[in-house]
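One structure is given here, and the rest of the page talks about it.
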Amino acid sequence: MNLKRKNEIPVDVYIPFVETLFRDGVTLSIGILAQTFLIGLVWWKNGDPRYLVVAIAMVLVGIFRMRNFQKYNSLPSPTTWEEAHKRENDYILYGSMHGLTLGAFCLLGIYFARDDFAEIASVCLTLATATSIAGRNYGSPRMVTILTLALTWPISLGFLLRGDIYHVLLGLLSAPFLFAIRKFANTVRDVLFAAVSEEKKANRLAQRFNRALNTMSHGLVMLGPDGRVAVANAEAAHLMSLKSPDALLGRSIHGLLMRGVAGGMLAPKDCRYIEAQLTRALREGRDRKVLVSLANGQHYEFSAREGSQELGVITFEDVTARVEAEDKIRFMARYDNLTGLPNRAYFHELIGEAMASGDLERLCGLAVLDLDDFKSVNDTLGHPVGDGLIYAVAERLAAVVGPGVTVSRFGGDEFMIFFDRVEDESHLSSQIDEIFIELQGEVDVAGHGLRIQASGGAVLSRVRDTDVDAMIVKADLALHKAKELGKNTWRLFEASMEVAFRNRQLMKADLRTAVESKGLRVVYQPIVAMSTMRIASCEALCRWDHPDLGPISPSIFIPLAEEMGIISEVSTFVLHAACTECAKWPAQTSVSVNLSAKDFRNRDVIEKVRHALASSGLAAGRLEIEVTETALLDDKSLTRQYIEELKRLGVRIALDDFGTGYSSLSYLHKLPLDKIKIDRSFLMDVTQNSRSLELLKGIVNLSRPLGLSVTVEGVETFEQLKILALQVKPDLVQGFLFGSALSASGIETMSSTVWPFAKDIKTARKATHR
Ligand code: C2E
Ligand code: CA
Ligand code: CA
């Protein structure tokens, strides 16, 4: 095997080929023994000492070859081409000696000895040895050639040298023998070469396949036609808590699943389900995915498909992270993240399902719960405290409700509670009463002791006759009623509420038409100066004459307009009418216009006032804007800023209904005000109640140093006026005593009127002084 050969045969094939040369030492030594014996026999028969020399040479060759065999067989396999090549060369060296010794024997027997037995022995030996040349030495073509030459040439030469025609022909015929042996050896070699190469290739492929199989993140199990594992990878072994994939081989799906059950990973019923699913998938040859949740919280997704040649393939994957993410998303979509209660959508789904099943004749209840004045907690203490309160309420609700009751947070401070299987109205009432009792009381939120107070509305219905949406609408109507009745209570829905609601909806539609078609009008109520008893100003009050219902109070339609978002249109209309009319009145008469807190939502209000003044030509100093405390105290809006801008226009600002809201005198000086109007509720019992009188006096006395003028509203009797004149001494008074609201022209004619009370008061004053 020369260097050229080195390039032709890959070293990993060459090495095993060289190794085959040293494989069968035993038959070789038997052969050598037989050959030595035969040579000895020939020597014994004819006594020719040359045979003895050959026999001794044979013994020596045998010893050399055997030692050479032993040497290499005791060493590990060669790893490099060079090592292998050295072994081959050694082999050839001793093999050649062997061949030459045999050749010498043959040449001796055929040509020199001229002995029949020696001749036959030579031919027999040649034939016997020739058969093993190819079989033993195919691994080394050089050895094959050398041995063939060493064996055939001496015989041929011997025959040729005999000289007679028969022996010459015999000698010539032995030449093809040489080629036949070489050819045979090469064929064996090629066949083996192809086989070894293929095996190497297959091994390499198997290694790659194994590597791919065992490094994949999926577990894989391949089943043979008998349904037992034929191939498995490391991940599969890992899942089954087995050390090596080989330990899985030969087991059935059932056996593997039962192992999972025995290990406490699978429930027996899951095991049956998975087996059924996988077997079905394998049978149908369709891709099917089965999600399996293990006892340790892990989730695996199994896929089964039929492979080629009846090999079924089951792969599985740890999808724990995905399943957990999906669960989280599902949870977030279904539950309110502050309280952990079901949200609106999920509540709807849950109740919808509950109502669709079971006895449709049963009664169920639904209650809506709304915290009272929650907005002020948010506004004054901040949203985190507001959130804390909501959380505390949710906790109490969750603690008090029993089985069959579902609580949900609908957003903001609104909770919805569903009662399945209610016996009757009193059963529902007692459950809601219990909730109200449990809910009440103080709760500590971030160091603030907050009182929980709520209003509620509830409805009781037969499942067959209703649905979730209808129940929610009715509970909401009942809640409105409860709020109207002064909060901190709950009401059960009654049909009349729906009627009122429907009327309200109808009224809203009519109000929209009235606003659009200028169906409103403005009347003016005199405001009288205490010192002169003449009209100093008039309050513009809006009126709506409903075509069917007659005059509707502004205390009803103004909140409706606010709710509908059309209050700004109403205000614009009143502002324009008031400014236009006032411009026609004597110069000493001013006008007051009420603006709603909602008018101060954006700065349009300033433009609106500016425009009303400009288009009517009224001096800004003759216009007064009345605002309520709620508008002024809304910290988040820019109301204060807008009011200051209005003041800069020259318009005066009055605080309306003083005493009905927060009524703290301490903040009066901080607000951009010119006047306060004391609500008529203060005056109502002033004739009987000295405390009310003291309050009135106090407010007036405190306002004066702040540069605020004071109007007292609701003066209905002379008695009240007398007390005001003698003791309270406000700047202005307003009330039915001076007449209710009139048309604009009525004011014009009354503008110079001096009320006769002036004289009476003077008399009264004198009487007290006396
Ligand atoms: P307000 O601003 O306090 O207006 C005074 C209300 O008290 C008027 O009722 C008036 O008729 C009534 N009143 C006057 N003197 C007496 C009296 O001596 N005794 C009694 N019992 N009541 C008296 P009205 O016109 O029904 O208005 C009710 C409320 O509607 C007003 O209260 C005001 O808040 C609102 N409002 C009226 N017109 C408008 C408007 O154009 N715009 C806005 N935003 N609100 C308006
Ligand atoms: Ca007013
Ligand atoms: Ca008022």
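The values are calculated or read from the model by the stated rules, or taken from the named source; none is laboratory data. None of the values given here were measured: they were computed from a predicted structure. All Cβ positions, even for glycine, are placed from backbone atoms using ideal geometry, and neighbour counts span all protein chains on display. Just so you know, the surface numbers come from the protein's heavy atoms only, side chains and all, with ligands and any DNA or RNA stripped out. Shrake-Rupley method; radii C 1.70, N 1.55, O 1.52, S 1.80 Å.
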**Report entry** Per residue, the convex hull volume that the Cα atoms of the stretch 519-769 enclose (Å³)
**Finding:** 132 Å³
Query raised in the report: What is the chain's relative contact order, in percent, from Cα pairs under 8 angstrom and six or more apart in sequence?
Result: 6 percent
Query raised in the report: Cα to Cα, under 19 Å, and not fewer than 8 places away if on the same chain: which aspartates and glutamates meet these conditions relative to Lys375?
Result: Asp387, Asp413, Glu414, Glu442, Asp444, Asp476, Glu484, Glu562, Glu563, Glu629, Asp634, Asp635
Report task. Identify, among Ala247, Gly550, Ile133, the residue whose Cα sits farthest towards the positive end of the charge dipole of the chain, taking +1 on the Cβ of Lys and Arg and -1 on the Cβ of Asp and Glu, with the dipole about the Cα centre. Result -> Ile133
Requested in this report: Report the antiparallel proportion of the DSSP beta bridges in the chain as a percent, rounded to a multiple of 5.
Outcome: 75 percent
Report summary line: So for R0 = 45 Å, FRET eff. of Asn46-Asn203 from the Cβ-Cβ r, to 0.05, ends up at 0.20
Report summary line: Zone reached by a paramagnetic label modelled 7 Å from Ala267 Cα along Cα→Cβ, restricted to the stretch 343-358 with backbone N below 20 Å, covers none
Query - Distance in nm between pseudo-label sites at Glu442 and Phe112 (7 Å out along the Cβ direction from Cα) - result: 13.4 nm
Query raised in the report: If you take the charge dipole of the chain about its Cα centre, with +1 on Lys and Arg Cβ and -1 on Asp and Glu Cβ, which of Met258, Leu369, Ala741 is farthest toward its positive end?
Result: Met258
Requested in this report: Treating only the Cβ atoms of Lys and Arg (+1) and Asp and Glu (-1) as charged, compute the dipole magnitude of the stretch 335-493 about its Cα centre; round to the nearest 20 debye.
Outcome: 200 debye
Requested in this report: Taking 7 Å along the Cα-to-C-beta vector as the label spot, tell me the Asp465-Arg543 distance in nanometres, rounded to one decimal.
Outcome: 4.5 nm
Report summary line: If every Lys and Arg gets +1 and every Asp and Glu gets -1 at its Cβ, then about the Cα centre the chain yields a dipole, in debye to the nearest 20, of 2860 debye
Query raised in the report: Can you give the accessible area of Phe117 in Å² (nearest 10), computed on protein heavy atoms with a 1.4 Å probe?
Result: 70 Å²
Report summary line: Whole-percent carbon and sulfur contribution to the accessible surface of the stretch 519-769 (1.4 Å, no ligands, DNA or RNA) stands at 54 percent
Query raised in the report: When all alpha-carbon pairs of the stretch 563-707 are counted, what percent fall beyond 27 Å?
Result: 27 percent
Query raised in the report: Once both axes come from the Cα atoms, what is the angle between helix 344-356 and the longest principal axis of the chain, in degrees from 0 to 90, rounded to 10?
Result: 80 degrees
Query raised in the report: On average, how much accessible surface per residue is there in the stretch 672-770, in Å², for a 1.4 Å probe, leaving out ligands, DNA and RNA?
Result: 51 Å²
**Report entry** Residues whose placed amide H lies under 5 Å from that of Asn488, excluding near-sequence neighbours
**Finding:** Ala454, Ser455
Report summary line: Rounded to the nearest 0.05, FRET efficiency between Glu423 and Tyr335 (Cβ-Cβ, R0 30 Å) equals 0.50
**Report entry** P(r) histogram, all alpha-carbon pairs of the stretch 216-324 included - 10 Å bins from 0, percent
**Finding:** 16, 51, 31, 2
Query raised in the report: Where does helix 253-262 land angle-wise versus the long Cα axis of the chain, in degrees 0 to 90, nearest 10?
Result: 60 degrees
Report summary line: Rounded to the angstrom and largest first, Cα extents along the principal axes for the stretch 335-493 equal 49, 32, 23
Requested in this report: Count the net charge of all other residues whose Cβ sits under 10 Å from the Cβ of Gly352, scoring Lys and Arg as +1 and Asp and Glu as -1.
Outcome: -4
Report summary line: Rounded to one decimal in nm, the spacing of the 7 Å Cα→Cβ label points at Asp674 and Arg305 is 8.5 nm
Requested in this report: Classify the stretch 542-633 as rounded, prolate or oblate from the Cα gyration tensor: take a ≥ b ≥ c as the square roots of its eigenvalues, call it rounded if a/c is under 1.5, otherwise prolate when a/b beats b/c and oblate if not.
Outcome: oblate
Report summary line: From most to least accessible, 1.4 Å probe, no ligand or DNA/RNA atoms counted, Thr768, Thr572, Thr711 line up as Thr768, Thr572, Thr711
Query raised in the report: Considering only Leu33, Tyr72, Ser426, whose Cα is most displaced toward the positive end of the charge dipole of the chain, charges sitting on Cβ of Lys, Arg (+1) and Asp, Glu (-1)?
Result: Leu33
Requested in this report: For each pair in Lys474/Lys508; Lys328/Lys483; Lys243/Lys269; Lys474/Lys608; Lys675/Lys759, compute the distance between the two Cα atoms and list the pairs where it is over 31 Å.
Outcome: Lys328/Lys483; Lys474/Lys608
Report summary line: Between Ser217 and Lys375, Cβ-based FRET efficiency (R0 51 Å, step 0.05) works out to 0.40
Query - Accessible solvent surface per residue of the stretch 412-496, calculated while the other protein chains remain in place, 1.4 angstrom probe, Å² - result: 49 Å²
Query raised in the report: At a probe radius of 1.4 Å, what is the per-residue accessible area of Asp226, in Å² to the nearest 10?
Result: 110 Å²
**Report entry** Kirkwood Rh in Å, taken over the chain so that all alpha-carbon pairs contribute
**Finding:** 38.8 Å
Query raised in the report: Could you sort Val405, Val26 by accessible area so the largest value comes first, with the probe set to 1.4 Å?
Result: Val26, Val405
Report task. Please list Phe736, Phe374 in order of solvent-accessible area, largest first, computed with a 1.4 Å probe with all protein chains present. Result -> Phe736, Phe374
Query raised in the report: Could you give the dipole magnitude of the stretch 401-480 about its Cα centre, charging the beta-carbon of Lys and Arg +1 and that of Asp and Glu -1, in debye to the nearest 20?
Result: 120 debye
